1. What pairs come out if I take residues in the range 47-64 that are farther than 16 Å from ARG18 by Cα and pair them with residues that are modelled with pLDDT under 75 and part of a loop (DSSP other than H, G, I, E, B) whose C-beta lies under 6 Å away, six or more apart or interchain?
2. Pairs please, first residue from the range 15-27 and touching a residue at least 12 places away in the same chain (Cβ under 8 Å), second anywhere and surrounded by fewer than 14 Cβ atoms within 10 Å (Cβ to Cβ), Cβ atoms under 6 Å, 6+ apart in sequence or on different chains.
Amino acid sequence: MGEAVELVSGQQNPDSTRDLARQLVERDLYASMGSDFHFPGSHAAPGSMSLIPRTAAPPIWQHPRLVHLREAAPGLLAVG
């Protein structure tokens, strides 16, 4: 079984995001976010997605098996 769900995918409704975050917490899942980047010049540039909101759902980069990645690039991963 997976350990994370894509919480943010594009410019979605904030109420939908909060509801999904609540469901992640209930199921003890981490939150991830899509980039929607397909190629240079596409409709969505890297970093143009909504940020993961501050909720009780922990972002995937806080997963114990991924902490070394966060430590290698401090400040790279933003939370809204």
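The values are calculated or read from the model by the stated rules, or taken from the named source; none is laboratory data. Fair warning: this is a prediction, and the values are worked out from it, not measured in the lab. Ideal geometry is used to build each Cβ from the backbone, glycine not excepted, and the neighbour counts take in all protein chains shown.
1. Note: pairs meeting the criteria are TRP61/LEU77.
2. Going by the 6 Å Cβ cut-off, the qualifying pairs are VAL25/ALA56.
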